[in-house]
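For reference, the structure discussed in these notes is given below.
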Amino acid sequence: MSHVPFLYVNLAALVSYTFILSAFLAAKKTKENKAFIRVLAGFIFWSGGSILMRLRVYPGVDFWFYVSLLSLFCLPLLFFDFVYVFADMKGKFLKAVWTLGTCVILVLTALGLFLEPPAVWILPDGKTFFTYDMGWQIAIPSAFVCGIVISVAAIFYKLIK
């Protein structure tokens, strides 16, 4: 376990997200609370998948890589949804666009279009590291996420105004 880089950072994040989630699960269920619980669940899957990938736990690096990556690509939509609910937005168009777009991104990600699982390297001293090979295709989900971030910023601007 000590030969996996940044494992303790990921474990601390996972424990923190789980602790916060348990507090919100015990609280009264409002629509804002439920939306935030979904955000926390996304963070738990992301960090948990990353930890299990780094530890090379069964069913393997590729499986946990995709759990982590798909969770990561869900997070912008989950955060948008939380802000949307918090701001009590009424229009459904942007929510539908970001939801449909995220579904398309997730399917294409699961098919390996944007990022392939990392190559695992184990050094003679037992240390493990991963190398990722990214092509231009990663710009597609990156641009999509930027669109969601701009939408969230616009909602915050409306709230502040």
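The values are calculated or read from the model by the stated rules, or taken from the named source; none is laboratory data. On a predicted model such as this, the values are computed, not experimentally measured, just so you know. No Cβ is skipped: glycine too gets one built from the backbone with ideal geometry, and neighbour counts run over all protein chains shown. All accessible areas refer to the heavy atoms of the entire protein, side chains included, with ligands and DNA or RNA removed. Shrake-Rupley method; radii C 1.70, N 1.55, O 1.52, S 1.80 Å.
Miscellaneous remarks
- Test: residue in segment 121-136 that is hydrophobic (A, V, I, L, M, F, W, C), surrounded by fewer than 16 Cβ atoms within 10 Å (Cβ to Cβ) and over 21 Å from residue 5 (Cα atoms): yes
- Which listed residue, of 108, 75, is surrounded by 11 or more Cβ atoms within 10 Å (Cβ to Cβ), under 19 Å from residue 44 (Cα atoms) and either among the small types (Gly, Ala, Ser) or at pLDDT 95 or above (or both): 75
- Some residue of segment 27-34 being among the hydrophobic types (A, V, I, L, M, F, W, C), out of contact with any Gly (no Cβ under 6 Å at 6 or more places or on another chain) and surrounded by fewer than 16 Cβ atoms within 10 Å (Cβ to Cβ): yes
- Restricting the first member to segment 8-32 and to residues that are over 18 Å from residue 71 (Cα atoms), and the second to residues that are open to solvent by 60 Å² or more (accessible area, probe 1.4 Å) and not in a loop (DSSP other than H, G, I, E, B), the beta-carbon pairs closer than 8 Å and six or more apart or on different chains are 32/86.
- Test result for residue 37, over 22 Å from residue 117 (Cβ atoms) and either at pLDDT 95 or above or small (Gly, Ala, Ser) (or both): yes
- Whenever a residue of segment 53-79 is assigned to a loop (DSSP other than H, G, I, E, B), its partners that are open to solvent by less than 50 Å² (accessible area, probe 1.4 Å), lying with C-beta atoms within less than 8 angstrom and at least six residues away or across chains, give the pairs 55/4; 55/7; 56/128; 57/64.
- Of residues in segment 78-105 being over 15 Å from residue 32 (Cβ atoms) and hydroxyl-bearing (Ser, Thr, Tyr), the one most open to solvent (accessible area, probe 1.4 Å): 99
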